[in-house]
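The values are calculated or read from the model by the stated rules, or taken from the named source; none is laboratory data. Since this is a predicted model, take the numbers as computed values, not measurements. Every residue, glycine among them, receives a Cβ derived from its backbone with ideal geometry; neighbour counts consider all protein chains shown. Quick note on the areas: whole protein, heavy atoms, side chains included, nothing else; ligands and nucleic acids left out. Shrake-Rupley method; radii C 1.70, N 1.55, O 1.52, S 1.80 Å.
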Amino acid sequence: MINNKQKILISGVQPSGRIHIGNWVGALQNWVRLQTNPDYQCLFFIADYHSLSSDYDPAEKREQIFELMVDLLALGLDPEKCLLFRQSDILEHAELCWIFNTLTPMAFLERMTQFKDKSGEQEKNINVGLFDYPVLQAADILMYRGEFVPVGRDQVQHVELTRDIARFFNNKYGVQFFPEAKPLLTNVSKLRSLNDPLKKMSKSLGEKSYIALSDEPDVVLKKIKSMVTNTDGLITMTEKEIEDALTRPITKKGEEELCGQAGILNLITLLRLFGSAEEAEQVIANQPLKYGELKPLVAKRVSDYFAEFRERKTELMAKPHEVKEVFESGAERARALAAETMKEVREIIGITLKD
Ligand code: AMP
């Protein structure tokens with residue numbers, strides 16, 4: 001099924017709660033756009049193995065996996081245009097991960113920002129899977145010889161590690177087998193958490209951190225109304241200045257100020273993305289911002305933007321058989337590709353017995 005002239009593009013999303021506008025801005029909108037780009041053969045998957053490394057309730061996981069596929073379809077991903085599958089349906093991902101584990105220095109993983117962040121968030125569950133997360137990600141990408149990886153900025157470090165792992169493999173075994181993957185970023189590649197804007201918007205920070213794509217308008221309004229912003233409504237910093245300030249030691253007061261600025265810019269970003277650039281410019285030109293008017297306007301823009309998505313999602317939730325079929329046919333197609341790669345890998349690394 002893979003056309004040799006096309007570049008392989010691959011990315012995944014975890015089933016760990018409903019997808020949010022950060023996922024959309026950083027990655028998923030790119031997926032929908034790229035699936036019709038003739039330069040790429042697109043593969044998108046539900047990273048359920050990855051999601052086991054975070055705290056979770058097993059009773060909810062099944063629904064989360066199913067609902068995520070519904071979400072992807074409702075967003076417009078089309079199994080005729082891209083290969084949609086679930087990671088754990090392809091056991092070879094775990095096998096290739098193990099092989100890559102034997103090539104990856106511990107020190108490289110110790111540097112990963114996501115590992116440090118997540119270890120702080122789930123102090124009682126700092127498991128090996130959390131540490132090894134980027135190696136499994138390398139296996140996901142390289143299994144299909146992925147060259148382009150549309151992800152949010154938070155994942156760039158992991159894609160760089162994937163390049164290192166491909167190089168380690170090729171050098172150790174004297175082959176040119178795995179390509180060097182590159183991240184594909186969207187223009188605005190990070191949304192900030194609503195209630196803690198110095199962090200990225202994330203499901204793991206709880207309901208108040210994010211707006212789910214399926215949140216109804218009243219919920220969106222409530223979340224945006226309680227977004228952390230500053231009190232005077234004045235913008236005094238750029239995104240770049242905030243990022244730079246965060247790399248330096250900071251006082252409590254300085255942190256509060258930064259938090260306010262990060263929040264106000266996040267609000268403007270939402271208006272720019274889900275309303276328009278002109279609307280955002282107008283608001284910036286009329287400082288101080290009047291939150292009483294601005295927040296309901298932003299909430300309306302966000303909920304209108306996803307109105308069609310919500311409708312399609314409701315329709316699809318009522319057709320579980322159709323969704324199940326997407327899982328099944330995706331698994332079959334991905335399995336065939338993974339089997340081909342692993343046959344060669346086993347030969348290259350010397351574990352295939354002679355006939
Ligand atoms: P995850 O659910 O962590 O697997 O994330 C799925 C995709 O969404 C990844 O490509 C992330 O880089 C992207 N993403 C997650 N959170 C954000 C955010 N707050 N802003 C931008 N992109 C994000």
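Say whether the condition of being more than 30 Å from Asn171 (Cβ to Cβ), in contact (Cβ under 8 Å) with a residue 40 or more places away in the chain and either among the polar types (S, T, N, Q) or not assigned by TED's automatic domain parsing to the domain that holds Leu91 (or both) is met by at least one residue in the stretch 325-343.
yes
Lys208: of a type outside the set (Phe, Trp, Tyr), assigned by TED's automatic domain parsing to the domain that holds Ile21, open to solvent by 60 Å² or more (accessible area, probe 1.4 Å) and in contact (Cβ under 8 Å) with a residue 12 or more places away in the chain, yes or no?
When the stated conditions are applied, Lys208 does not pass them.
Yes or no: Phe169 of a type in the set (Phe, Trp, Tyr) and farther than 23 Å from Phe44 by Cα?
yes
Tell me, please, whether a residue that is open to solvent by 50 Å² or more (accessible area, probe 1.4 Å), part of a helix (DSSP H, G or I) and more than 13 Å from the ligand (Cβ to nearest atom) can be found in the stretch 147-162.
Yes: one or more hits.
Would you check which residues across the stretch 230-245 are in a loop (DSSP other than H, G, I, E, B) and surrounded by 15 or more Cβ atoms within 10 Å (Cβ to Cβ) and list them?
Asn230, Gly233, Ile235, Met237
Checking the conditions here, which among Lys300, Lys313 is open to solvent by 20 Å² or more (accessible area, probe 1.4 Å) and of a type in the set (Lys, Arg)?
It is Lys300.
Of all residues in the stretch 19-69, which are under 12 Å from the mean Cα position of the chain (by Cα) and either open to solvent by 50 Å² or more (accessible area, probe 1.4 Å) or outside the structural domain of Phe85 (by TED's automatic domain parsing) (or both)?
Matches in the stretch 19-69: Gln29 only.
Considering only residues that are free of Cβ contacts under 8 Å to residues at least 60 places away in the same chain, within 27 Å of Glu293 (Cα to Cα) and of a type outside the set (A, V, I, L, M), which ones fall in the stretch 242-259?
Glu255, Glu256, Glu257
Where the second residue is of a type in the set (D, E, K, R) and part of a helix (DSSP H, G or I) and the first is assigned by TED's automatic domain parsing to the domain that holds Ile224 and lies in the stretch 278-307, which pairs have Cβ atoms under 7 Å and are six or more apart or on separate chains?
The qualifying pairs are Ala280/Arg272; Lys295/Lys225.
For the stretch 182-217, what are the residues that are under 22 Å from Leu9 (Cβ atoms) and away from the ligand (no atom under 13 Å from the Cβ)?
Lys182
Could you say which residue among Arg153, Arg167, Arg163 is at pLDDT below 95, of a type in the set (D, E, K, R) and more than 13 Å from Ile10 (Cβ to Cβ)?
Arg153
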